Amino acid sequence: MSYFPSTGAVAVPFPIPETLIPEHWKSNKVCVVSIIGKSSHSGFTSKASKFNNVLDAEAFQGVSKELKTLVNKGEIECYYDGDNNVVYLHHTSLHDTYRLSAVCEQMKNASEKELQGLWQQEECHYAKCMLFLFQVSHLIVISHPGSSFDTTYVRLFRILDSIRVKTQKCVQDQIASLGVSPDWKYNARPCSPRVLFLFEMSTLEFDSEEAVDNSAYRSKPQKISTVKRLQHCMEDQIYKILRKSRVITNISNNSLFAVPANQEFVFLHVCENEAADPVKFFLSQLRENITHTVGPKKGPSEGQVRFKEFLWQHIEMALTKGFDDNVGRHQVAAHFELAKSETWFNLAGRLYAMFFGDKVDAKLQPHWNTLKSLLETDRRFSENRCNKVLPLAESAYQENLPTHYVTAYHLSKLAHAKKVFTQLARGPACDKYLNQLEESCDTFWKNGRQLCEETSLTGNHCVNPLHRTDDDIIAPSLSHLPMMPHSSQLKMVAACNCGRRIEDKEDPFTHKVANFDFYEKLKETCCGTLESYAFPVFKPSTLDIKAATLAFTSPQTKVRAPIRSGDLEAIKTDLTAATQGMATLSLALSLSQPGSSDLFVANNHSNCSPLPDQDSVSNPPDHTDVQSPASPECLSPARQHSTTEYLPGMIHTDSPAGLLPKFPSWSLVCLGKSSIYNHNQGLEMPGFLPGSNFLLPWDVTVQAERDKWPTVGESSSKRDKWPSVGETAVKKGKQKKSSRGKELVEVSLRVYLGEEYECPRGHRFCCSGPEKVIKVSSTSSVKDNANKLVNLDMPLYCPCLHCRSSKGYMAQMMRIYIVTPDGPLQVSVNPLVQPAPHPCPTFHPGVGEEIDLTPASVWVLRLPSVYMGDEGPYTIPSDAAQLPACRLLKGTFNFKEMTSE
């Protein structure tokens, strides 16, 4: 048997080159048979492989040879049996196992959305291929891999019938010039194709004696076999399904296809007719040869004979008298027409180009959109469902909303709305409507409901609507926002620099407000007239200044060992060296002026003591280990090397050399003479808890000339020259003489110290040791002394006794009180604060030296309210186990002897 082409089937698109069609075949009228449907679960065969036995040729070779690439693209295989005038078309799709496995291999890493998009695209292409085949075929064989009718075809057939009617005018325009008959042109197809149903599996076993039970050569009619009865029952069921769904009607010309009324149109395979597994097949053959199995083969050959007979009865009818599948009372002539092979190939080529060409006809595009919409039933259901659920989700977002809220609250409400949506919504449109929900909620929030995102240094949000402040850079995107300061509407109670006045303090949003602005404002009514120490601050040389850009080091990479008692002197030495090193820096670096140099400038503060002589520096007296190793110079700090960049935070041990802050975060003021403090009454200041307003005595022994310091029993007027604070005594011992030959005696002087803690509610108290509040006797006398304050690290935070029963506020060390005696003693302070566990740096005032205090005076050192580092503020730790690491390091209080000339 000759066939076209000589090597097997070819893949279309049409038109097939005319050189492949022999001349004597071009004038033959052909019957077109299409094979569609689904294949069995085998990767070695296809649903068209069984037609090879019908053709007695290996026409359809599955996925082998050069067709593999084209078949995997979803094309159509074409085989032209010229001797029998039959054209076979085999449609491949994702319903074929071998192609589905190839696509799955390519898409194994694809997302669910990508797979869904691929399936929708393939489903639309599959429907268009089916419509094309129903327009050009006479017979259509629908293959089923199982033994039951796939009812999903009913929906597809109804959709194709609807689109066929809509596209009929476009098809008529395409075939008008091909010389087809008027009826063909009017119906836009050669006939209403006859559909046959092929089932590749059955629950029945093959019986060779029943295979030809009604054949003509039997002498007597036999009873109908079980297979035949099953086929007839399936035909009745399929016919009823198609009629009730109005896929087929009495007049076949008006239907998508027809089924024969008096011929079999269902074929059921009851045996294995092909080798689905080659290995299994060859093992079976080998086993038969070894056991010398003799006898005729049963099953495959008989099954193929039956299928060939089943198919050819319809092909022969099509090639002779055609199909007339109209039924009913009123007979209507059925339209059926065969075309010459040359005409049919040209016609198929035009229709294929119209259906699948790169350029889509503008008249066809709306119909393809309709086809896509009808096929995507799950998407249309999902669209309707999501469209109904979307308002419910939006209402869930808007329920119980405050007038203004921050991003975190917005996101939490949005998450709740999405949860409501996903609980009710279904299908592939969920992602699209989730995006709409997010956009809708964002628009609702940004339409005047945004709350300021700024957080205070204590962790509270600003309660004002989104706004800008005076410090913000004016940008076009912020110009519409109102101008107002940040406010959390939370107030604390705090005292001023000297501690004699308490006021409400706004929750600070910057360390400038926390450490400077609040106290600077109270200077007008309280501390402005007091003597104060001038801490080093940035002094600009131009109006164009900016904060310095610091290279931050993450806590994971910056490792700092905890500070030990032996390291304090090293820290003090480093701070002094860093400040003295600033004197060698040139101001010309920032002012672009040659020849300038920075020198220490003497401070005109009247309270600073004179410079010590060389002997006192090189030979310090032998006292306790808390003394300073050298007498500091009472000098103002050197000017920074940059007068255009300032330190954005506070000075600490990791701060770059030469940068100073714009304002001081520390305060040191003198309340007056030491006589204003009464050790029997304590500090007369508001806010102190009862009995906790007393300072602790610190007795210091120094040497003084006897003629300037009388003994205890003397009542000379010289005693009035050196008034003591508290008890003062001259100790008798080995007599020594000064460099001037004067007799020296040991004099005991008393210094009063106090470290005040202040809680956010304004409660104040002094401690005598770590977390030990001062207690007084019934006679208002203090039991403790200041040894622990001098020799131990003191915690920066301490629980407030008054607030412990309610909210448990923590009090922070805010002030240090020093009452200096009048005598040959120079008291100084050098505070070092570590506000958080390491690797937190150590904060200091930036003086680089100890600060000398004037004798016979009451001094108050106010500590920062917030410790601002390079990477942000160090606030009170939330973990109570870290509180002991927040401390004021020992070595804050120091003294040295003073000699009189």
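Selection of segment 864-876 for residues being out of contact with any helix residue (DSSP H, G or I) (no Cβ under 9 Å at 6 or more places or on another chain) and either buried (at least 22 other Cβ atoms within 10 Å of the Cβ) or more than 23 Å from residue 658 (Cα to Cα) (or both) yields 874, 875.
Restricting 827, 866, 860, 833 to those that are β-branched (Val, Ile, Thr) and under 21 Å from residue 550 (Cα atoms) reduces the list to 866.
For residue 366, the criteria (1) under 14 Å from residue 125 (Cα atoms); (2) at pLDDT 90 or above hold in every case but one, which is (1). Of the candidates 419, 446, the single residue that is out of contact with any Lys or Arg (no Cβ under 8 Å at 6 or more places or on another chain), at pLDDT 95 or above and more than 30 Å from residue 171 (Cα to Cα) is 419. Residue-level check: of (1) at negative phi; (2) modelled with pLDDT of 85 or more, residue 217 misses just (2). Among the residues of segment 277-328, write down those that are assigned to a loop (DSSP other than H, G, I, E, B), at pLDDT below 60 and surrounded by 14 or more Cβ atoms within 10 Å (Cβ to Cβ). Scanning segment 277-328 gives a single hit, 299. Restricting to segment 667-689, what's the tally of residues that are assigned to a helix (DSSP H, G or I) and of a type outside the set (Gly, Ala, Ser)? Selection size over segment 667-689: 1. Restricting 433, 409, 405 to those that are touching a Phe, Trp or Tyr at 6+ places or on another chain (Cβ under 8 Å), outside the structural domain of residue 112 (by TED's automatic domain parsing) and under 23 Å from residue 463 (Cβ atoms) reduces the list to 405. The single condition among (1) crowded, with 23+ Cβ neighbours inside 10 Å; (2) closer than 22 Å to residue 785 by Cα; (3) not hydroxyl-bearing (Ser, Thr, Tyr) that residue 825 does not satisfy is (1).
Taken over segment 870-901, the criterion of being in a strand (DSSP E or B), under 34 Å from the mean Cα position of the chain (by Cα) and modelled with pLDDT of 90 or more is satisfied by 873, 874.
Given the structure, is residue 429 touching a residue at least 24 places away in the same chain (Cβ under 8 Å) and either surrounded by fewer than 13 Cβ atoms within 10 Å (Cβ to Cβ) or closer than 30 Å to residue 467 by Cβ (or both)?
Here the answer is no, as residue 429 does not meet what is asked.
With respect to the conditions (1) among the aliphatic types (A, V, I, L, M); (2) buried (at least 16 other Cβ atoms within 10 Å of the Cβ); (3) at pLDDT 95 or above, residue 392 falls short on a single one, namely (2). Here residue 332 fits the description: surrounded by fewer than 19 Cβ atoms within 10 Å (Cβ to Cβ), at pLDDT 75 or above and assigned to a loop (DSSP other than H, G, I, E, B). Among the residues in segment 824-840, are any on the phi > 0 side of the Ramachandran plot and assigned by TED's automatic domain parsing to the domain that holds residue 877? Among the residues of segment 824-840, not one is on the phi > 0 side of the Ramachandran plot and assigned by TED's automatic domain parsing to the domain that holds residue 877, which makes the answer no.
Evaluated against (1) in contact with a Gly (Cβ under 8 Å, 6 or more places away or on another chain); (2) surrounded by 21 or more Cβ atoms within 10 Å (Cβ to Cβ), residue 799 falls short on exactly one condition, (2).
Contact annotation: residue pairs with Cβ atoms under 6 Å, 6 or more positions apart or on different chains, pairing a residue in segment 113-131 that is assigned by TED's automatic domain parsing to the domain that holds residue 355 with a partner that is among the hydroxyl-bearing types (Ser, Thr, Tyr) and crowded, with 16+ Cβ neighbours inside 10 Å, are 126/93.
One residue stands out in segment 76-127 among those that are assigned to a helix (DSSP H, G or I) and among the hydroxyl-bearing types (Ser, Thr, Tyr): the one that is surrounded by the fewest Cβ atoms within 10 Å (Cβ to Cβ), namely 101. One residue stands out among those in segment 777-802 that are assigned to a loop (DSSP other than H, G, I, E, B) and among the polar types (S, T, N, Q): the one that is nearest to residue 882 (Cα to Cα), which is 785. Close contacts from segment 662-675, counting a first residue that is in contact (Cβ under 8 Å) with a residue 12 or more places away in the chain and a second that is of a type in the set (Phe, Trp, Tyr) and part of a strand (DSSP E or B), with Cβ to Cβ under 7 Å and a gap of 6+ residues or different chains, come to 662/646; 668/859; 670/859.
Cβ separations smaller than 6 Å between residues 6+ apart or across chains give the following pairs from segment 149-160 residues that are under 23 Å from residue 200 (Cβ atoms) to residues that are in a helix (DSSP H, G or I): 149/238. With respect to the conditions (1) small (Gly, Ala, Ser); (2) surrounded by fewer than 18 Cβ atoms within 10 Å (Cβ to Cβ); (3) not assigned by TED's automatic domain parsing to the domain that holds residue 381, residue 415 lacks only one, and its number is (3).
The values are calculated or read from the model by the stated rules, or taken from the named source; none is laboratory data. None of these values were measured; they are calculated from a predicted model. Positions of Cβ are generated from backbone atoms using ideal geometry, with glycine treated the same way; all protein chains shown enter the neighbour counts.
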